[in-house]
1. In the stretch 166-220, which trypsin sites (Lys or Arg not before Pro) fall in coil by DSSP and have 15 or fewer other Cβ atoms within 10 Å?
2. How about K300: which lysines have a C-alpha closer than 20 Å to its C-alpha, ignoring those fewer than 8 places off in the same chain?
3. What range in the chain is the longest one free of GluC sites (Glu not before Pro) that are in a loop by DSSP and have at most 14 other Cβ atoms within 10 angstrom?
4. Averaged over every viewing direction, what's the projected area of the C-alpha convex hull for the chain? Give it in nm², one decimal, please.
5. Return a whole-number percent for the relative contact order of the stretch 127-285, with Cα pairs under 8 Å and 6 or more residues apart as the contact set.
6. Could you give the semi-axes, largest first, of the ellipsoid that matches the stretch 140-299, computed as the square roots of 5 times the alpha carbon gyration tensor eigenvalues and rounded to whole Å?
7. Out of the stretch 157-266, which chymotrypsin sites (Phe, Trp or Tyr not before Pro) are coil in DSSP terms and have no more than 15 other C-beta atoms within 10 Å?
8. Any idea what the dipole of the stretch 220-305 comes to, in debye rounded to 20, about its Cα centre with Lys/Arg Cβ at +1 and Asp/Glu Cβ at -1?
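Just so it is clear, none of the values below were taken in a lab; they were calculated from the coordinates. None of these values were measured; they are calculated from a predicted model. FYI the Cβ positions are ideal-geometry reconstructions off the backbone, even for glycines, and counts take in every protein chain you see.
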Amino acid sequence: MSKGRSFALIWCIINALMLLSFITPLIMITINFVLVPALALFTKLEWKMATLFYAISLAAVGAVTGYLGLFPILVSLFFLAPAIVMGIMYRKKLSARSAIVGGTVTLLGEMLLGLLISYAAGFDPIERVKEFLQSGVDSLPEVLRNSVNQAALNTTIHYFLQIIPLLLIVTAVFYTFIGHAVGRWILRRNNVLVPGLKPIREWMLPRSMALYLVIVTIMDMFISIESNTFISMVVWNLLPILSIAFTVQAISFFFFYAHAKKRGVALPVFAIVMVVFFSPLLIYLYCVIGLLDVLTPMRKRIAGG
């Protein structure tokens, strides 16, 4: 058997086993890597062979599980398009950033298309989410349910519904980034050169984003939590995205400082751990550090000193 067929067979089996795990509690772990098998197949192999072995893996899952396999098969098909797009970009030797952006945009496009089809079919997913959240509270024991401030609950549900675009973007970026990171690691060990991102210490946001963060932050100060306008929705979705971006910029600065001073990675790793576990308290500080990194020549002074 040729190396290409061996690779295809191995990833056909891996994909089938991963999808079978979706009907077990292991789904909490394995679904994070759902993009990887298809990405490996469509990057390493010609599209006809990749499609054949991918289809065989789905058929195997369907044959083993029957109707129970419908959910994992649909999930896999949902993530197929971004995997193919990223695979095409890898084969064309485009940058890692281009592949990640391409995969993210494709995944977001599928999500939006799904929402449009749902609305066209008379199904309102946003209203269903609202009902689900409310039913979760209603299912609480009476003592706890009576202690819930209904007005505060309604405000929280309203805010959650307003930031659904943010949740979709974060979800798309997460799956695409995990797919790229794990897929690249696997493919490089199979003699497929996949470009990587720049070292995190070299990441730098455009200066214009600093202005956007300041403007959005000021606008957020004057928007009521009960607001239901298009502007409020834009601000509530942009502010977390920009905050995350400048938090990452601060972490990039910590890695640059550690590299320039030859201090190892203890400081940046500690910074990551702190922001993950204490993000509400530290994210504003990290945003300020990220802003200073973008707007001032701190790196030149550190490198020169």
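1. Details: sites: R184, R188, R189, R201, R207; in loops: R189, R207.
Those that pass, being in a loop and sparsely packed, are R189, R207.
2. K198, K261, K262
3. 47-225
4. Values: hull surface 82.6 nm².
Taking the Cα atoms of the chain, their convex hull projects to 20.6 nm² on average.
5. 22 percent
6. Three semi-axes, in Å: 34, 22, 17.
7. Filter output for the stretch 157-266: F222.
8. Details: 6 positive and 3 negative charges, 145 e Å.
Computed about the Cα centre, the dipole is about 700 debye.
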